[in-house]
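A quick write-up on the structure given underneath.
We did not get these values from a lab; they are worked out from the coordinates using the rules stated. Note that this is a predicted model, so its numbers are computed, not measured. With ideal geometry, Cβ positions are generated from the backbone for all residues, glycine too; neighbour counts draw on all protein chains shown.
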Amino acid sequence: SYFRRYEDAERIYLDMDRRDLAVSLRKKLGDWFKVIHLLKNGGGGDDVQLEEAWNAVGDYYADRQKWSQAVTYYVQGRNQERLAECYYMLEDYGGLQKMVSALPENHKLLPEIAAMFANVGMSEQAVEAYTKCNRVKAAIDSCVHLNQWNMAIELAKTHNVQEIDVLLKKYAQHLLEKKKVLNAIELYRKAGHFMDAAKLMFKIADDQRKNHKNPLTIKKMYVLEGLLVEQYHETMKLTSRAKGKNKQVASALAGFLEEDVSSLSDTKIIDNAWRGAEAYHFYILAQRQLYDGYVDAAMRTALHLRDFEDVIDPINIYSLLALAACSNRAFNVCSKAFIKLESQESLTSEQKQQYEELAMEIFTKHSPKDIRTNKVDCPNCASQMPDWSTVCPSCDTKYPTCIVTGRPILEYQFWMCLICKHRALQSEITHRKTCPLCHVII
């Protein structure tokens with residue numbers, strides 16, 4: 001050895017049956033390939049020495065960036081840290097995934113592998129690795145960093161992370177900035193934040209209404225908003241009941257009181273949850289009745305639309321009412337509709353002139369009197385009232401409107417939807433499978 005005649009020295013050690021000294025010599029020389037050869041051929045070494053040799057050869061190839069060869073030796077040397085590094089450099093993410101599955105829980109290497117996955121945008125694999133070592137916060141942070149907000153919310157909900165509301169707002173803001181409002185609504189709905197979802201839905205429906213979009217689409221949006229508010233009510237009731245069980249005071253009223261305190265700014269949406277849907281429902285119904293030739297029914301439904309001037313453009317309401325009334329030969333109602341139209345400030349002078357000329361053409365031929373004057377008895381005070389009126393002029397009793405026909409419901413027995421709480425005549429709802437307003441299965 002002194003004279004650097006290593007081969008001769010090794011031969012002497014072997015002849016002396018001191019293979020262990022030959023192995024030590026090769027180790028000092030760093031000739032790990034020879035070390036492996038000696039150990040495999042009965043060098044008297046143990047598994048620890050052999051693993052050391054495998055890893056040293058793996059290091060040899062890794063230093064020269066020959067990652068594939070290094071993997072072979074690291075696998076035999078069971079060097080998981082360097083093996084993970086080689087897989088990462090080779091972009092062998094399948095190998096890394098197998099490592100995550102094979103490693104025990106809370107292994108020190110799991111966070112490092114998770115970070116590798118996060119660095120290349122593989123959020124699901126990163127989450128799997130982080131959760132296996134109980135680093136849920138790191139998993140959520142990686143999802144946020146990779147814009148996988150949906151996954152972050154699900155993780156927060158599954159593991160009861162307290163910052164879920166903060167995450168939710170961040171993600172919703174992120175979606176709104178990208179103008180993905182419907183995605184934000186779905187996010188809030190899945191997270192159980194029904195009022196936030198309802199507010200966004202109301203805003204979309206309101207924008208569509210102001211831009212005079214398809215009435216059926218607007219109705220569907222208002223219906224969805226109403227359903228979200230109903231889910232909000234239900235959630236508040238369940239919350240109050242849960243609290244009531246603990247305090248032995250189960251009261252639905254407590255839920256409503258809590259609701260009022262927590263959402264004073266949302267009273268408009270809560271109090272008028274179904275108003276938009278109701279308005280467009282009757283607006284569409286009146287037109288359908290008119291086109292189907294049921295002019296009397298169309299007029300009664302159009303008369304009910306007068307209560308919704310804050311939702312539907314009054315010009316559209318009174319134009320429809322004038323058309324239905326004229327078709328029904330109810331010229332007194334038609335005359336009043338024209339008066340309302342001509343008084344609209346949003347009309348240009350040219351449009352007003354056109355309405356005046358049309359009114360003149362109609363009422364020079366027909367006097368402004370209703371040919372039909374059907375009356376019914378008010379169930380409350382027995383006085384006479386028009387059959388289309390929902391309020392008795394004598395006792396001011398207000399009657400609900402049938403959502404199937406648009407007629408006032410004067411009977412004591414009627415059908416009521418369990419979801420939207422709107423009513424219909426019993427005889428009219430029997431052949432239907434869904435609620436005409438909210439479309440919930442009956």
For T434 and Y60 in the same chain, what is the full-extension length gain: residue separation times 0.36 nm, less their Cα-Cα distance, in nm?
127.2 nm
Residue by residue through segment 189-199, the couplings from Karplus 6.51 cos²θ - 1.76 cosθ + 1.60 with θ = phi - 60°, in Hz, x for Gly and Pro, are 5, 5, 7, x, 8, 5, 5, 5, 5, 5, 5
Taking the Cβ of Y355 as the centre, find all other residues whose Cβ is under 14 Å away and add up their charges (Lys, Arg: +1; Asp, Glu: -1).
-3
Can you list residues whose amide H is under 5 Å from V440's amide H, if they're 5+ apart or on another chain and H is modeled 1.01 Å from N?
C435
Let me know the shape class of segment 103-179, please: from the alpha-carbon gyration tensor, a ≥ b ≥ c as square roots of the eigenvalues, rounded when a/c is under 1.5, otherwise prolate if a/b is greater than b/c, or oblate.
oblate
In this model, which of K190/K210; K157/K213; K157/K220; K268/K336; K108/K137; K213/K375 are farther than 27 Å apart at the alpha-carbon?
K190/K210; K157/K213; K157/K220; K268/K336; K213/K375
Quote to one decimal, in nm, the extra length available between T397 and K210 on full extension: 0.36 nm per residue of separation minus the C-alpha distance between them.
64.0 nm
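Give the order of K213, K220 when sorted by the count of other beta carbons within 10 angstrom, beginning with the fewest.
Ordered by Cβ neighbours within 10 Å, fewest first: K213, K220.
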Whole-Hz ³J(HN,Hα) from phi, Karplus 6.51 cos²θ - 1.76 cosθ + 1.60, for segment 280-289, glycine and proline x:
6, 4, 6, 5, 5, 4, 4, 5, 5, 5
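In square nanometres, what is the average projected area of the Cα convex hull of segment 398-442?
On the way: hull surface 11.7 nm².
Reported value for the Cα convex hull: 2.9 nm².
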Under a 5 Å amide H to amide H cut-off, with H placed in plane at 1.01 Å, what residues pair with V376 once short-range neighbours are removed?
M385, D387
Using only Cα atoms, what is the ratio of the radius of gyration of segment 275-363 to 2.2 N^0.38 Å?
1.04
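Please arrange Y294, Y60, Y171 by counting, for each residue, the other beta carbons lying within 10 Å of its beta carbon, fewest first.
Fewest-to-most Cβ neighbours within 10 Å comes out as Y60, Y294, Y171.
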Give me S427, S68, S319 ranked fewest to most by other Cβ atoms within 10 Å of their Cβ, as a rough exposure proxy.
S68, S427, S319
Have a look at T373, T397, W415 and report the one farthest towards the positive end of the charge dipole of segment 355-426, computed about the Cα centre with Cβ charges (Lys/Arg +1, Asp/Glu -1).
W415
If each of I339 and E361 carries a label point 7 Å out from its Cα toward its Cβ, how far apart are those two points in nm?
2.3
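Give the peptides 405-417, 113-125 in descending order of average Cβ contacts within 10 Å, highest first.
Values: 405-417: 17.1, 113-125: 18.8.
Packing order, densest peptide first, comes out as 113-125, 405-417.
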